[in-house]
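Structure first, commentary second.
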There are 2 protein chains.
Amino acid sequence: MKKLVLIISLLSVVAIARSTEHPSLMLTKQGVVKMKKELGKFPAFDATIAQTKAMADLAVSSPIDVPVPKDGGGGFTHEKHKDNYYSMYYCGIMYQITGDKKYAQYVDMVLEKYLKLYPTLGYHPVKMSANPGRLFWQTLNDFVWLVHTSVAYDCIYDYLPAAKREVYNERLFKPMAHFLMDGSDVNKKIFNKMHNHATWACAAVGMIGYVMDDKELIQKALLGTDLTGKNGGYIQQLNELFSPDGYFTEGAYYERYAIWPFVIFAQAINNNEPERKIFLYRDAILKKAVAALSQMTYNGDFFTLNDALKKGFSAQELVFADNILYSADNSQKYLLDISKKYQSFFLPTDAGFAVARDIALGQSKSFVLKSNLFRDGSDGKEGGLAILRSPNPAENTTFLMKATSHGLSHGHFDKLTISYYDDGNPILVDYGASRFLNIVVKYNGGYTPLNDKYAMTTIAHNTVTVDQKSHYNGDIKISSLYAPTIYCYDISNPQVQVCSAFETHATDGVKMQRTNAVIEDIGGERVILDIFKLTSEKSHTYDLPFYYNGDMISLSTPYTKALNSMGVFGEANGYEFLWKEGWAKPADSMVCFTWLKGKRFYSITTVTDSNAFLYFVRTGANDPEYYLRSDPGFVIRESNVKNHTFLSAIETHGKYDLIVEKTENAVSAVKALKIVEDNDNYTIVNFEVNGEKANFRIDYNKNASAQKWSYNKY
Amino acid sequence: MKKLVLIISLLSVVAIARSTEHPSLMLTKQGVVKMKKELGKFPAFDATIAQTKAMADLAVSSPIDVPVPKDGGGGFTHEKHKDNYYSMYYCGIMYQITGDKKYAQYVDMVLEKYLKLYPTLGYHPVKMSANPGRLFWQTLNDFVWLVHTSVAYDCIYDYLPAAKREVYNERLFKPMAHFLMDGSDVNKKIFNKMHNHATWACAAVGMIGYVMDDKELIQKALLGTDLTGKNGGYIQQLNELFSPDGYFTEGAYYERYAIWPFVIFAQAINNNEPERKIFLYRDAILKKAVAALSQMTYNGDFFTLNDALKKGFSAQELVFADNILYSADNSQKYLLDISKKYQSFFLPTDAGFAVARDIALGQSKSFVLKSNLFRDGSDGKEGGLAILRSPNPAENTTFLMKATSHGLSHGHFDKLTISYYDDGNPILVDYGASRFLNIVVKYNGGYTPLNDKYAMTTIAHNTVTVDQKSHYNGDIKISSLYAPTIYCYDISNPQVQVCSAFETHATDGVKMQRTNAVIEDIGGERVILDIFKLTSEKSHTYDLPFYYNGDMISLSTPYTKALNSMGVFGEANGYEFLWKEGWAKPADSMVCFTWLKGKRFYSITTVTDSNAFLYFVRTGANDPEYYLRSDPGFVIRESNVKNHTFLSAIETHGKYDLIVEKTENAVSAVKALKIVEDNDNYTIVNFEVNGEKANFRIDYNKNASAQKWSYNKY
């Protein structure tokens, strides 16, 4: 009886199927013809094809294994199912390029195994995720499996007999797509969410939809399961997840990840429904997204804001983004430069071919890092990320202040935190995420418990913690309701670039405003003024850490170091993960801390008063599983005050040259630093560097168009 | 009256002076003619000349400052006197190359200031050295000043009127040379020492001797102040400071430094007395020295054995060594490769020109790192450094055991210590030196007190400490009397390379023998067996640390970590500088510790018994001045035993690929590891890796020619 129903339904499906052209996701019929004609002309692209062929050949010559799912990220079955989708993907593409049926056959054989396995599966046995998949421990990986497999399936679609296709469609892909789309309340919720997981979900469902010409799947992927376009789906994600400047709400590290399904699905949409002009949608938001993402880097690596590991342009998802975007808009020549400098391969597709060819034709244009304000929020009104860069690219300097919205589940409680990069190195940066990606023994490769408990807390960041509590008391729901305000971002004078932002909700009753001025040359040095103003009617303890990278060189005031035994910095909210390595009661009105990284010295000179206390801390306490790195920090504490303004000068100086064993200007040149006036309307500071004197004034109550700061040497 | 004497003595000197050709130290008349003719033909060399000219021009256009000496290393007057000798050196050379008198004039003007200053100087006011100089805090820097200034003076010698030369000779250079050579008992002692400082001293005195044609200075520089050649001098240094294999008694880091005066003086000798055939002396010992030094590197950096910082081929002294050696022996084509790969400039001299030209002519040949045993001791009988390298250069692997003599004042108490480098990274290495070279605030730029107290101690090294005391109880005098014995060094089978050495004096009554077998492929992995056999009639505590580089991933037995408070590892002999970060009482007969560095995993599987205890340690305790880095170590302790054999398998495995987010073989594949038999005559061990089984046997009492080990898969 069941069999009969199935046959009837198969027939009806066949009856209404429009004959879509194949391939049409990552490759097109036309594109393949063109690419084949040009093989042998562009060695770099030939190398990519040879590589792809090597992977495909390896797959074809290896035993096929489609195991019953068992392990979490990094474990055997997890990695095997990943291998399988890559193998199918490579073989599908090689079938198109060579016409050799062994590749198509391989994909077919693997799919047959999945066809047998998949209907037998319940939820994945590793119960670590609130949204378990079937092949993998979380649906996210199932989405990625389906995205890759769709490409492979698309490539061999015409190779398969119609009847076999229909079996795959009806018994493997449609059940899978429906499971992922709305197979449960939680899956449906995720599918319709505004979140990078949902982008993968929509790409997966939409792409397999295009292959099978299943209009329902396509429509729901584009417009959400209720088809209104207002409660989910890819189009709404394009509207909401990016700011008008292309900033992705979760920050650079997750924009890197999200951009992959965004562009791969865009490519599929463009090939199948060119009339949608998806690459031009919302004022070409995908182009802006890739541009913004490219700018949120230092030396090819993404800023480690929010949950982030070290990753950069070399990651495969960036190859997708850069290749696909370039082929969609050939005017983006900087993408060729990124490909050349950082990426070791191309996509073995129409898009990759375009990039390889145009690099060979010498069309690449320098990718230049610039100062940028990337506003956050779909309307651009939820704060933003302010980046200030030295006008001389050889200086290779990046300063940034993060004053964005919370950024969903991967966001940190880090309002107004700053980072500084110089001479090829991170100098002052946040911890990033506590995670050992894909290393099973480290919490199954997922975010460790210390990610929430430490990495997300305010004290883990270069911003002020009030009364040892995280911003918004560490409550993401409340944090997500508010965003800081960018008060000033002025790069009109490249020699003195200024940003200022304020935050009034993060700590009840305390207004925080941070102002940074990157001064390229005073007394021959780059000095970054850091004016962190706190206003409150009640007394508080304010902690301002600077997590530095390098070797501690000196502190200008006597300090005590933990010698025979060492305790922790605090009891809760992240403090318990910091060793209290040293401390000092500053004796002067100004203290200077100097460290060395690579070939340069860095100093933080900070104004201190009788309420000030200094600490040296190091991550790693209360960490029984070795989840944390051992990173050092310097903390300025101001106790028992209502209003307080931290004033520091972050200085880049000197030269440490081991080739000729020579040291120059190892000592800070900031000889004076003083708050001259400080009230609700403005702060004026004076400072002196190598004998050159200057003052800086920031006004707090100016309207949008007014000049908000001034700087004068005198 | 004084004046008259001076004039008379001047006259007599003039009378006996032979007319030496100038220049004849780093440049020759002939060489300059040749070089000038070829300018414009070799862009890389032209760039070096342009650079030299830029430095010379900068000097010429800057005010001359010859300050009264005041500061230690890195301080103002120290750096200024260094600047001055570099400036004179560049200007001297540019005078020869361009003929422009302004350069000669500059050298003359600076020398005039030194002529005024020098006679007024007593010992340098910074009293940090047992052998204070006059211009610098230690005579060493005065030697270096004189080496460079000799070159400059040589270049302008013919430019100066004879009378002026004589004034410089008599009132500046001869007094200086005599002060440095035998101006005091301690100076005379240093001059005649077998030590790198003495090499600088002899080079300085000999080179200025050649310029002035002062036979006494030349002879004493070559043969020592007693002119016998048996109690000091350059020739004896050539005989004694190098082993027959070119190993320098102080190790690679100081060979790097010593090679500079060795080659620069050799060049001067060769130009002035070619009949000495100095480059062929002692079977071409300088050629061997440079070859050995080049081999004692990883990725272009010298092994950090003994007192060492991170330094490599890019250091200027290596440019001297490589350029001069190559010009002395054009068959050493690998030196061209080193120059190309690691060095950013050439010497602006005959030698540098030869290198630049021959690179341009395509004569470079690959510099290949090989397995080598470098015997120590002038007769090659004081142990040695055993280096084992993977036969496939792409693997980029280096394992080494240090079983050398103490190595003078920069030696460490580290008998039989091992190091391991892989995939571009140090994996297991020693701490090196505790020093912030030329950073004044860090102990005046010199070796910090923790260099003796920690960096030199046995516990700071990857070898066994007995009863928490350093080898030879930390007494350099006794340590210098003995050396370990290389028992076996066998690289005949590149797939299984073996070294073994023993030491019987380092700890009273304990014989230590360490055997390492680098097995390239068992179960698809590289495994290094580490068999450390201790034999004693009394009970002891044996500690074997492995200082690892990377992130701790896992330990196969439950462990405890210091959570809220952390104490130290011990009370004395270096232990007090280690935090006790974690500990474990192993439950099994075998324990595996895994860490991650870069793209690979590393594991140490070690055999444990009921007396074993494990520790995780970290440098930095009892370090009030932040002299130490924060480096982690894993320590195996065996308590209260007489004989004990540590058996460990050091494994390189897996792949951590962040580009495609993939992890392979993150878990150790060593499934069995066992000592099957262990007695005075041999040790037999069994082990199993990825299902492949093998045994290894080391025999302890074989004669020199006998086969001492066997390895069989079964």
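Between A:Glu38 and B:Ala572, with labels modelled 7 Å along Cα→Cβ, what's the label distance in nm to one decimal, could you check?
7.6
By average Cβ neighbour count within 10 Å, what is the ranking of B:493-499, A:122-128 from highest down? Walk me through the intermediate numbers first.
Details: B:493-499: 19.3, A:122-128: 15.0.
The packing order, highest mean first, is B:493-499, A:122-128.
Mind checking the alpha-carbon convex hull of the range B:58-132 and giving the volume per residue in Å³?
Per-residue hull volume (Cα only) is 96 Å³.
Give the shape of the range A:356-409 as rounded, prolate or oblate, defined through the alpha-carbon gyration tensor: a ≥ b ≥ c are the square roots of its eigenvalues, a/c under 1.5 means rounded, and otherwise the shape is prolate if a/b is larger than b/c and oblate if not.
Oblate is the answer for the range A:356-409, as a/c is 1.5 or above yet b/c matches or exceeds a/b.
Could you tell me the center-to-center distance, by alpha carbons, between the range A:382-414 and the range B:131-187 in angstrom?
Each part's Cα centre sits 56 Å from the other's.
State the Cα centre-to-centre distance between the range B:209-226 and the range A:419-480 in whole Å.
66
Please name whichever of A:Ser314, A:Phe303, A:Leu347 sits farthest to the positive end of the charge dipole of the range A:274-376, dipole taken about the Cα centre and charges placed at Cβ: Lys and Arg +1, Asp and Glu -1.
After comparing all options, I get A:Phe303.
Got a sec? Charge dipole of chain A, +1 on Cβ for Lys and Arg, -1 for Asp and Glu; which of A:His471, A:Asn681, A:Leu544 is way out at the positive end?
A:His471
If you wrap a convex hull around the alpha carbons of the protein assembly as shown, what volume per residue comes out, as a whole number of Å³?
Dividing the Cα hull volume of the protein assembly as shown by its residues yields 192 Å³.
For chain A, what is the charge dipole size about the Cα centre, in debye to the nearest 20, if Lys and Arg each add +1 at the Cβ and Asp and Glu each add -1 at the Cβ? Could the numbers behind the result be given before it?
Values: 76 positive and 77 negative charges, 268 e Å.
The dipole of chain A has a size of about 1280 debye.
So, with a 1.4 angstrom probe, what is the percent of accessible area on the protein assembly as shown that is carbon and sulfur?
Roughly 52 percent, rounded to a whole number.
Compute the long axis of helix A:76-98 from its Cα atoms, compare it with the longest principal axis of the Cα atoms of chain A, and write down the angle in degrees, 0 to 90, nearest 10.
60
What's log10 of I(q)/I(0) for the range A:387-447 at q = 0.21, 0.27, 0.29 Å⁻¹, Debye sum over Cα points only, no solvent?
Rounded to two decimals, the profile gives -0.89, -1.04, -1.11.
Where the centre of each part is set by its Cα atoms, how far does the range B:522-572 sit from the range A:232-249, in angstrom?
Going from one Cα centre to the other spans 51 Å.
On average, how much area does the Cα convex hull of chain A cover when viewed from any direction, in nm²?
For chain A, averaging the hull's shadow over all directions gives 33.3 nm².
Measuring from label point to label point, each 7 Å out along Cα→Cβ, what is the A:Asn695 to A:Thr485 span in nm?
Between A:Asn695 and A:Thr485, the simple spin-label model gives 2.7 nm.
Report the charge-dipole magnitude of the range B:180-254 in Debye, nearest 20, computed about the Cα centre from +1 at each Lys and Arg Cβ and -1 at each Asp and Glu Cβ.
Charge dipole, the range B:180-254, about its Cα centre: 80 debye, nearest 20.
Looking at the range B:473-568, which GluC sites (Glu not before Pro) are in a loop (DSSP not H, G, I, E or B) and have at most 10 other Cβ atoms within 10 Å?
On the way: sites: B:Glu503, B:Glu520, B:Glu525, B:Glu537; in loops: B:Glu537.
For GluC sites (Glu not before Pro) across the range B:473-568 that sit outside H, G, I, E and B with at most 10 neighbouring Cβ atoms in 10 Å, the list reads B:Glu537.
Note the angle between two axes, namely the Cα long axis of helix A:29-38 and the longest principal axis of the Cα atoms of chain A, as a number of degrees from 0 to 90, rounded to the nearest 10.
Compared with the principal axis, the helix lies near 70 degrees.
Using helices alone, I'd like the mean residue ellipticity at 222 nm for chain A: each DSSP H run of four-plus residues gives -39500 (n - 2.57), total over residue count, nearest 500. The partial results should precede the final answer.
Numbers: 18 runs with 229 residues, N = 714.
Roughly -10000 deg cm²/dmol at 222 nm, from the helical runs in chain A.
Counting other Cβ atoms within 10 Å, which trypsin sites (Lys or Arg not before Pro) in the range A:488-540 have at most 16 and lie in a DSSP loop?
Of the trypsin sites (Lys or Arg not before Pro), the ones in loops of the range A:488-540 whose Cβ has at most 16 other Cβ atoms within 10 Å are A:Lys538.
Among B:Asn444, B:Ile418, B:Pro494, flag the residue with its Cα farthest along the positive direction of the charge dipole of the range B:404-506, charges on Cβ as +1 for Lys/Arg and -1 for Asp/Glu.
With unit charges placed on the Cβ atoms, the residue in question is B:Asn444.
Relative to the Cα centre, what is the charge dipole magnitude of the protein assembly as shown, using +1 at the beta carbon of each Lys and Arg, -1 at the beta carbon of each Asp and Glu, and rounding to the nearest 20 debye?
Computed about the Cα centre, the dipole is about 1400 debye.
Per residue of B:651-664, what is the mean number of Cβ atoms on other protein chains within 10 angstrom of that residue's Cβ?
Per-residue shielding by partner chains comes out at 5.
Take every residue in peptide B:315-322, count the Cβ atoms of other chains within 10 Å of its Cβ, and give the average of those counts.
Neighbouring Cβ atoms belonging to other protein chains average 2 per residue here.
Based on the Cα gyration tensor of the range B:262-337, what are the three equivalent ellipsoid semi-axes, each the root of five times an eigenvalue, rounded to whole Å and given largest first?
24, 12, 11
In µm²/s, what is D for the range B:352-483 at 4 °C and 1.567 mPa s, where D = kT/(6 pi eta Rh) by Stokes-Einstein and Rh is the Kirkwood radius from Cα pairs? Can you show the working numbers first?
Numbers: Rh = 17.3 Å.
After rounding, the answer is 75 µm²/s.
For A:Arg600, list long-range residues whose amide hydrogen, built 1.01 Å from N in the peptide plane, is under 5 Å from its own amide hydrogen.
Long-range HN contacts for A:Arg600: A:Tyr656.
In the range A:213-301, what trypsin sites (Lys or Arg not before Pro) fall in a loop by DSSP, with at most 11 other Cβ atoms inside 10 Å?
The qualifying sites are A:Lys277.
Once you sort the root eigenvalues of the Cα gyration tensor of the range A:508-629 as a ≥ b ≥ c, which label holds: rounded (a/c under 1.5), prolate (a/b larger than b/c) or oblate (the other case)?
Values: a/c = 1.60, a/b = 1.17, b/c = 1.37.
Note, shape of the range A:508-629 comes out oblate.
Which shape class, rounded, prolate or oblate, goes with the range B:627-714 when its Cα gyration tensor gives a ≥ b ≥ c as root eigenvalues, a/c under 1.5 marks rounded, and past that a/b bigger than b/c marks prolate? Intermediate results must be reported in sequence, preceding the final value.
Values: a/c = 2.33, a/b = 1.44, b/c = 1.62.
Verdict is oblate for the range B:627-714.
Give me the residues in the range B:61-95 whose solvent-accessible area, probe 1.4 Å, is reduced by at least 40 Å² once all protein chains are included instead of the chain isolated.
B:Glu79
What is the angle, in °, between the Cα long axis of helix B:350-360 and the longest principal axis of the Cα atoms in chain B? Nearest 10 is fine, range 0 to 90.
60
Using a 1.4 Å probe and counting only protein heavy atoms, how much accessible surface gets buried when B and A come together, both sides summed, in Å² to the nearest 100?
4700
Which net charge results when you count Lys and Arg as +1 and Asp and Glu as -1 among the other residues whose beta-carbon is under 9 Å from that of A:Asn372?
On the way: positive: A:Lys370, A:Arg389; negative: A:Asp245.
Residues close to A:Asn372 contribute a combined charge of +1.
If the range B:55-211 were replaced by its equivalent ellipsoid, with semi-axes equal to the square roots of 5 times the Cα gyration tensor eigenvalues, what would those be, largest first, whole Å?
The equivalent ellipsoid of the range B:55-211 has semi-axes of 25, 17, 13 Å.
The values are calculated or read from the model by the stated rules, or taken from the named source; none is laboratory data. From a predicted model like this one, the values you see are computed outputs, not experimental measurements. Every residue, glycine as well, gets a Cβ built from its backbone with ideal geometry; the counts of neighbours run over all protein chains shown. For the accessible areas, the whole protein counts, side chains as well, though only heavy atoms, and no ligand, DNA or RNA atoms are used. Shrake-Rupley method; radii C 1.70, N 1.55, O 1.52, S 1.80 Å.
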